[in-house]
Structures are given as structure tokens and as C-alpha cells.
Amino acid sequence: MTLNRQQQKLRTRRAIIDAAFGLLDDQHSFSSISLREVARAAGIAPTSFYRHFKDIDELGLTLVDEAGLTLRQLMRQARVRIASGGGVISTSIDTFMEFITANSNVFRLLLREHTGTSNAFRAAVLREIQHFTVELTDYTVSTTGLTKELANLQAEAMVKLVFSTGAEALDLDSAQRAQLAERLKIQLRFISNGASEYAKQT
């Protein structure tokens with residue numbers, strides 16, 4: 001089947017994005033890779049890159065957007081599993097660890113650019129993390145009866161802990177990651193129970 005020009009353009013843009021994600025690993029952050037490296041990995045000439053992105057920074061922001069979307073899809077996937085009978089915290093963390101295993105470079109991008117040198121990248125990552133926190137807040141309000149203020153405080157604490165533990169999990173083997181996941185589940189229950197007790201006292 002012959003691709004038309006628009007389809008070919010979309011396919012090349014996708015190849016650039018996938019190539020950039022593929023270059024990220026424990027040794028390489030986005031700020032350390034060059035436009036030429038991305039173009040070579042995507043199988044295009046460097047000049048062709050500019051038909052799809054204004055510069056390397058625009059590509060980076062696109063990667064952050066995609067990483068955030070993947071994270072939100074993760075949240076929704078966990079909710080579907082919970083609705084079918086899974087425990088909220090256990091199911092959510094199992095889903096999160098599966099995400100890290102399958103999408104380690106996506107998660108590395110969010111972790112690194114969260115504290116990176118680019119103001120635009122930091123703002124974009126914080127925005128994506130905030131989306132995640134807001135969704136968790138809304139879910140908590142609808143399922144626990146906590147006020148929105150308390151639910152938001154609980155969600156912020158949980159998201160920070162999950163991201164911090166996720167960073168630790170990246171370089172562990174499967175057995176160590178499983179142990180870490182169990183510890184994280186207990187810690188999240190501490191937060192959840194603490195929020196519920198606090199709500200009773202106020």
C-alpha cells in the first residue's frame with residue numbers, strides 16, 4: 001500500500017519520537033542527546049528533522065506530553081482493574097511497576113526533566129505530574145468521602161512517594177523490584193489510614 005504524503009509525514013514524526021525515547025537510558029538524559037543522534041536513530045537526514053519539529057527543545061516537550069499521556073492512561077488502566085475486584089493500592093502499584101518495566105525510558109524522562117535545567121521542560125513535567133495528582137484527588141473524593149482539600153494533600157504525598165520509589169526501582173532486578181513494591185504498598189496504606197484518621201479528628 002502506498003502512503004500518501006500526510007501519512008508518511010506522520011510516520012516519520014512517530015519515528016523521530018520513538019528514536020528519541022530509545023536513546024534515553026541510565027547514562028543518557030534528553031539534554032545529553034543531539035539532534036543528529038536522533039535523526040540518525042530515526043533513519044532520516046538531520047535537515048529532515050526540521051520538517052517535523054522547530055528544534056530539539058520542541059521535540060523534548062512533545063516527549064514530555066507523551067510521557068504524561070502514558071501516565072494518565074496508566075491511572076485509568078488501574079481503575080479498570082480495581083473496578084473488576086482489585087485492591088486500590090495493591091492494583092495501582094502493580095500497574096505502576098509494570099509501567100516502569102515496560103516504559104523505563106518514558107519514566108526516566110519525567111524524572112530527569114522534573115529537575116532539569118530547562119524552565120520549559122520543568123514546567124511541562126510539573127504540569128503532567130499535577131494532572132496525575134488531580135485525577136487521584138478526584139478519585140479519592142469519590143471513593144472515600146474525604147474533603148477535596150484532604151484528598152489533595154493525600155494525593156500529593158502519594159504521588160511524591162510513588163515517583164521517588166519509581167526512581168529507585170528503575171535499576172533493580174525483578175525480585176528486588178517486587179520487594180520494593182510491597183514496601184511501597186505498606187507506606188501508601190500508612191498515608192491513606194493517616195488521612196482517614198485525621199479526617200475523623202477534624
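The values are calculated or read from the model by the stated rules, or taken from the named source; none is laboratory data. As the structure is a computational prediction, the values presented were derived from the model and not from experiment. No Cβ is skipped: glycine too gets one built from the backbone with ideal geometry, and neighbour counts run over all protein chains shown. The area values use the complete protein model at the heavy-atom level, side chains included, leaving out ligands, DNA and RNA. Shrake-Rupley method; radii C 1.70, N 1.55, O 1.52, S 1.80 Å.
For this structure, a couple of remarks:
- Number of the exception - Gly86 against (1) in a helix (DSSP H, G or I); (2) without any contact (Cβ under 8 Å) to a residue 12 or more places away in the chain; (3) open to solvent by less than 40 Å² (accessible area, probe 1.4 Å): (1)
- Test: residue in segment 114-134 that is among the basic types (Lys, Arg) and free of Cβ contacts under 8 Å to residues at least 24 places away in the same chain: yes
- Selection status of Glu98, without any contact (Cβ under 8 Å) to a residue 40 or more places away in the chain and over 20 Å from the mean Cα position of the chain (by Cα): no
Yes/no matrix, rows are residues, columns are (1) touching a helix residue (DSSP H, G or I) at 6+ places or on another chain (Cβ under 7 Å); (2) of a type in the set (A, V, I, L, M, F, W, C); (3) under 19 Å from Asn103 (Cα atoms):
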position: Arg5; (1), (2), (3): no, no, no
position: Arg11; (1), (2), (3): no, no, no
position: Ala20; (1), (2), (3): yes, yes, yes
position: Arg36; (1), (2), (3): yes, no, no
position: Ala45; (1), (2), (3): yes, yes, no
position: His52; (1), (2), (3): yes, no, no
position: Leu59; (1), (2), (3): yes, yes, yes
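- Subset tally (residues that are at pLDDT 90 or above, open to solvent by 10 Å² or more (accessible area, probe 1.4 Å) and either in a helix (DSSP H, G or I) or touching a Ser or Thr at 6+ places or on another chain (Cβ under 8 Å) (or both)) for segment 31-50: 10
- Test for Leu10: is it outside any loop (DSSP other than H, G, I, E, B) and either assigned by TED's automatic domain parsing to the domain that holds Ala120 or closer than 23 Å to Arg127 by Cα (or both): no
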